[in-house]
1. Taking the options Phe261, Phe267, name whichever one is among the hydrophobic types (A, V, I, L, M, F, W, C), assigned to a helix (DSSP H, G or I), under 22 Å from Glu414 (Cβ atoms) and at pLDDT 95 or above.
2. Being within 17 Å of Thr86 (Cα to Cα) and either in a helix (DSSP H, G or I) or among the aliphatic types (A, V, I, L, M) (or both) is the filter here, so list the residues in the range 116-157 that pass it.
3. Restrict the check to the range 165-172 and report whether at least one residue is over 30 Å from Ile379 (Cα atoms) and modelled with pLDDT under 90.
4. What number of residues within the range 237-252 satisfy the criterion of being closer than 15 Å to Thr290 by Cβ and within 25 Å of the chain's Cα centre (by Cα)?
5. Starting from residues that are more than 16 Å from Cys35 (Cα to Cα) and buried (at least 20 other Cβ atoms within 10 Å of the Cβ), keep the ones in the range 66-77 and report whichever is modelled with the highest pLDDT.
6. What is the one condition in (1) assigned to a helix (DSSP H, G or I); (2) surrounded by 22 or more Cβ atoms within 10 Å (Cβ to Cβ) that Trp294 does not satisfy?
7. Out of the residues in the range 223-238 meeting the condition of being part of a strand (DSSP E or B) and either of a type in the set (Gly, Ala, Ser) or free of Cβ contacts under 8 Å to residues at least 40 places away in the same chain (or both), tell me which one is surrounded by the fewest Cβ atoms within 10 Å (Cβ to Cβ).
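The values are calculated or read from the model by the stated rules, or taken from the named source; none is laboratory data. Quick caveat: nothing in here was measured; it's all calculated off a predicted structure. So basically every Cβ, Gly included, is an ideal-geometry build from the backbone, and we count neighbours across all protein chains shown.
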Amino acid sequence: MSRARAQLLLKVVAQLAARELPRRRGPASSDTGDCTDRARRRAADIRASLERLGPLYIKIGQILSTRQDLVPQTLATELESLHDQTTALPFSAMRPVLEAELGPAWASRFKDFDVSRPLGSASLAQAYSAQLTTGESVVVKVQRPGVREIVSEDMRMIRAAARLGARRAPYFTMTIDLEAMLGVVFDAMRPECDFTLEASNMDAARRSVSGFDNLEVPEVVHATPRVLVQTMAPGTSIRDADPTAFKDEEREAIGTSLLTFMYHGYFTDRRFHADPHPGNIFVCPSGPTTLIDWGMVGHVDRRISMSVVLILLGLARNDGPSVAAGWLEMGRPTQWADVSGFGQDMAALVPKIHAASLEHLNFGAALGNVLKCSTRRGIQTSPMISILAKSFANIEGSVRYLAPELSVTDVFVENMRDVLFAYACEAVSEEQLATHLMQVIAAAGSLPGELRAIIRALAQGDLTLQAAPVQAGRLSLVENRLDDRTRYLTRRLVALGALAWWAHARRRPRT
C-alpha cells in the first residue's frame, strides 16, 4: 500500500511539474492579464491534483483556502472550490463491505435498497437511499473498500514530509508549525474513517440542537466502523434551495439559528462541526434545517475559545487593538515579532470588516488577511486556527446562500449574554475555583525559597547582574511576560477571594 501511494503521489507531482515547465520556459511577459491567467491555470492544476489524490489531500486543500498567509490569493480562491465528489464505484464493489459489517443477510434489514445509483459518491464513502422494513426512509453510508488504510498511509507520509520540512526550515516553523496544524486536521478527520465515532458525534450534536426549534441532526439507526444508517434529511442543500420559496423572516431565522448554533459550538460546547459547507446543510420551506455529515468535528480548548470571543467582540466594537490582543492570546510572538506593527495592521483592517453583512463581506477572506498580517509580523498562530477558520468560512458561505443580509458580528452580539453567562458559570464552578486555589498555593509556595536564594546570594556577594543591549521589540516581549505573570497571580488571588467568600456564604446561617 505504501509503495502504491508513494508512486501515485510521485506521478501526480511529475504531471503537475510537466504542465508547469512550459509556463516557466515561456517568454517573460509584463502583461498583468497574462500573468494572472498563468496563475489561474496553475491554481486549477493544483486543485485537480489534490482531488485526484483523495480525501486527506482535499481536506488539506480546503484548509489552505483559508490560509492566505501560506498560499497566494489566486490559489486560495481556487481551493475554495475543492469538492470530494468522485466517480461512483459499482455496487458490486460495495456489497462486500455491507456483508462484512451487517452480515450476509444484510438485505433483510431493508424493505427497499436502491443499488442503481448512489445519492452521493465521495472518495471516502458512497451513500444510498433505502427503506427500513418499517417503511422509514434512510440513508446508508458505506465506506469504500481499503480507504481507511489509504488515509492512514497518507497521514504517515504527510507527517514525515512535515517533519523533514521543519528541520530544513526552522525559522519558518517558529511562525507556522505545520506538523501541529496537520495534527489538528488529522484528529478532526478520524471519525470519517470510523462511522461509530461519527455516530457518537451525531448523538452529541443532537443534544446541542435540542434548544433550537428549526434545527435538526439525523437520527442514527445503526452504526458500524464502515456502515452508517441514518434517517433521511428532508429538503435540499442550502446551495440548491430557492430563497424566494421562503418567507423573509424564515430565511433570517434559519441563518440566525445556524450561526447561533455554530457560536454555541465554538464557545460553549467547544465542540463544533468542522465542515458545515452548503452540501452538508439541508433546508425546506416551513420545515426543519438539518445538519448532516458529522465525520469532521473540531475541539477547541477554553483559552482559544475565549480568545476568539475577544476577537469577535473587537470586530463588533470596531476596535482594532482588541482584535490584535485577542489574536496574540491565541498565538505566540516569535523573537523577531513586530507586535506594534500587527496592532497597526488590525487598526487599518478592522473598520473594513466591522458590522458588514454577508452580502458585502467574505469573512473567510478577511480572516485570511489577518493571518497574512500575523505571519508577516512574526506571530506564531495557534494550530487550531486552521480548523476554526475552515469551519467559520464554511458556515458563513452556507448562510450567505439563504440570508446574505445577516451580519456575523451582529448575530454574535445577540448571543453575547449567553456566551458570557456560560463562561461565568464555568469560572465559579467548584472545580475551577479549586484549580485556581491550588495554582495560587503552588505559585506562592515557590516565592519564599526564591527570595531566600536571592538574599543569600546578596549576603555572600555572589549575586551578579548582566546587562546587554535589548531591542525595543524584545524589551516589550519581556514586559509582556512580566505583565502576564502579574495578571496570572492577580486572577488567581481574585479567584481565591471568591472561593473564600463562597465558602463563607455557604456556612452562614440562613435568616
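1. Phe261
2. Here is the first cut: in the range 116-157, the ones within 17 Å of Thr86 (Cα to Cα) are 116-128, 141-148, 150-151.
Those that are within 17 Å of Thr86 (Cα to Cα) and either in a helix (DSSP H, G or I) or among the aliphatic types (A, V, I, L, M) (or both): Leu119, Ala122, Leu124, Ala125, Ala127, Val142, Val147, Arg148, Ile150, Val151.
3. The first filter runs over the range 165-172 and keeps only residues over 30 Å from Ile379 (Cα atoms), leaving none.
There is no residue in the range 165-172 that is over 30 Å from Ile379 (Cα atoms) and modelled with pLDDT under 90.
4. Qualifying residue count for the region: 4.
5. Ala76
6. With (1) assigned to a helix (DSSP H, G or I); (2) surrounded by 22 or more Cβ atoms within 10 Å (Cβ to Cβ) applied to Trp294, the lone miss is (1).
7. Restricting attention to the range 223-238, the residues satisfying the condition of being part of a strand (DSSP E or B) are 223, 227-231, 236-237.
From the residues that got through so far, the ones that are either of a type in the set (Gly, Ala, Ser) or free of Cβ contacts under 8 Å to residues at least 40 places away in the same chain (or both) too are 223, 237.
On the way: Ala223: 21, Ser237: 17.
Only one residue fits best here, namely Ser237.
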